[in-house]
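Right, one structure below, let's go through it.
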Amino acid sequence: MTRTPLMAGNWKSNLNHVEATGLVQKLAWTLQDKRWDAEKSEVVVFPPFTDLRTVQTLIDGDKLKLLLGAQDVSTHDGGAHTGEISAKMLAKLGCRYVIVGHSERRTDLGETNADVQAKAVRALVEDIIPVICVGEGLQTREAGEQIPFVLEQVGGSINGLKPDDIARSVIAYEPVWAIGTGKVATPEDAQEVCGAIRRYLAEDFGNEVAEQVRVLYGGSVKSSNVVALMSQPDIDGCLVGGASLQVEEFAAIGRFY
Ligand code: PEP
């Protein structure tokens, strides 16, 4: 089974819609210069909600091969939920992916595995692929408990999903101690957990499902470490924060192969 590598750039709460235009155009030109082939890696940008319409227009108008994703989605389908953005709205804006359960939201807003599961379900109904984030904190890692911790998060976040929906979902392993800290997990440490995630999926849903799920690594990914990470058998891509705001860096990550 070949899984298309996925390089996901999470802009977090950065760049207004004017700044977004500049970054997306430069990213597309730089990828073109590097002879990036969209068949060999998917490159997805995840701007803030306020930029989605602008980025969608650019991608559609210039026929760019970049894909668009959102950083979060409501657990509700619409209606009286002030401030919430539904999966239907994101689908209409051309979002193909949505990040759910990023550690910053789990920590800052107390999002639970049940919330993450509900968001993933809403996304899948609209044909949007959820990028389900999991990952342990430093204490858990130092206690050597990372695998049971992460597998519990995975189990809770996909609980009740149909095997077909799990197969098209993406799971991003992001050790919290490596996010935005410059401390990257070694390729072997990242593989250990990503491999455990795939084995867990195989045990619960069968090999066919497990072999289709793309498992990403996230945490201080840069052009200098992406190749070593991508050489691991169970790492199918990267979720990139800081480096996704630097055009040359993110283009090199997208064109890692
Ligand atoms: C992230 O935001 O998911 C992330 C991995 O950030 P960074 O690449 O900056 O560590």
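The values are calculated or read from the model by the stated rules, or taken from the named source; none is laboratory data. These numbers were taken from a predicted model, which means no experiment stands behind them. Backbone-built Cβ (ideal geometry, glycine too); neighbour counts: all protein chains shown.
Does region 83-95 include one or more residues that are of a type in the set (Asp, Glu) and closer than 27 Å to Tyr173 by Cβ? Break it down stepwise before answering.
Of the residues in region 83-95, the ones of a type in the set (Asp, Glu) are 84.
Cutting the leftovers down to closer than 27 Å to Tyr173 by Cβ gives us none.
No, because not a single residue in region 83-95 is of a type in the set (Asp, Glu) and closer than 27 Å to Tyr173 by Cβ.
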Within region 123-157, of all residues that are surrounded by 19 or more Cβ atoms within 10 Å (Cβ to Cβ) and among the polar types (S, T, N, Q), the one farthest from Val213 (Cα to Cα) is Gln146
Would you pick out the residues in region 79-98 that are in contact with a helix residue (DSSP H, G or I) (Cβ under 9 Å, 6 or more places away or on another chain) and either of a type in the set (D, E, K, R) or at pLDDT below 95 (or both)? Lys88
Report, by residue number, each residue of region 14-30 that is closer than 13 Å to Ala252 by Cα and in contact with a Leu (Cβ under 8 Å, 6 or more places away or on another chain). Leu27, Ala28
Examine region 158-175 for a residue that is within 10 Å of the ligand (Cβ to nearest atom), surrounded by fewer than 22 Cβ atoms within 10 Å (Cβ to Cβ) and over 17 Å from Leu216 (Cα atoms), and state whether such a residue exists. no
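Go through the residues of region 31-48 one by one and say whether even a single one is modelled with pLDDT of 95 or more and small (Gly, Ala, Ser).
Pass one, region 31-48, residues modelled with pLDDT of 95 or more: 31-48.
Within this subset, residues satisfying the condition of being small (Gly, Ala, Ser) are 38, 41.
Checking region 31-48: at least one residue is modelled with pLDDT of 95 or more and small (Gly, Ala, Ser).
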Taking the condition of being in contact (Cβ under 8 Å) with a residue 40 or more places away in the chain and either farther than 16 Å from Ala172 by Cα or away from the ligand (no atom under 16 Å from the Cβ) (or both), how many residues in region 123-145 meet it? 4
Enumeration of residues in region 176-207 that are within 12 Å of the ligand (Cβ to nearest atom), part of a helix (DSSP H, G or I) and in contact with a helix residue (DSSP H, G or I) (Cβ under 7 Å, 6 or more places away or on another chain): Val176, Trp177, Ala190
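Could you check, for region 52-62, whether at least one of its residues is polar (S, T, N, Q) and within 16 Å of His102 (Cα to Cα)?
If we filter region 52-62 for residues that are polar (S, T, N, Q), which is where we start, we get 54, 56-57.
Adding the requirement that they be within 16 Å of His102 (Cα to Cα) leaves none.
No: zero hits.
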Filter region 60-75 for residues that are out of contact with any strand residue (DSSP E or B) (no Cβ under 7 Å at 6 or more places or on another chain) and touching a residue at least 12 places away in the same chain (Cβ under 8 Å); the one that is nearest to Val121 (Cα to Cα) is Thr75
In this structure, is Ala210 assigned to a helix (DSSP H, G or I), more than 12 Å from the ligand (Cβ to nearest atom) and under 26 Å from Thr30 (Cα atoms)? no
Could you list all residues from region 213-251 that are over 14 Å from the mean Cα position of the chain (by Cα) and more than 14 Å from the ligand (Cβ to nearest atom)? Val227, Ala228, Met230, Ser231, Gln232, Pro233, Asp234, Val247, Glu248, Ala251
Hey, among the residues in region 14-56 that are in contact (Cβ under 8 Å) with a residue 24 or more places away in the chain and among the aromatic types (Phe, Trp, Tyr), which one's nearest to Tyr257 (Cα to Cα)? Trp36
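Condition check ((1) farther than 24 Å from Leu138 by Cα; (2) in contact (Cβ under 8 Å) with a residue 24 or more places away in the chain; (3) among the aliphatic types (A, V, I, L, M)) across all residues:
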residue	(1), (2), (3)
Thr181	no, yes, no
Glu188	no, yes, no
Gln191	no, yes, no
Ala210	yes, no, yes
Arg214	yes, yes, no
Val226	no, yes, yes
Met230	no, yes, yes
Asp234	no, yes, no
Gln246	yes, no, no
Please find, among Lys222, Lys183, the residue that is basic (Lys, Arg), at pLDDT 95 or above and more than 26 Å from Ile166 (Cβ to Cβ). Lys222
Between a first residue in region 105-122 that is surrounded by 19 or more Cβ atoms within 10 Å (Cβ to Cβ) and a second residue that is of a type in the set (Asp, Glu), which pairs have beta carbons less than 7 Å apart while being 6 or more apart in sequence or on different chains? Arg122/Asp77
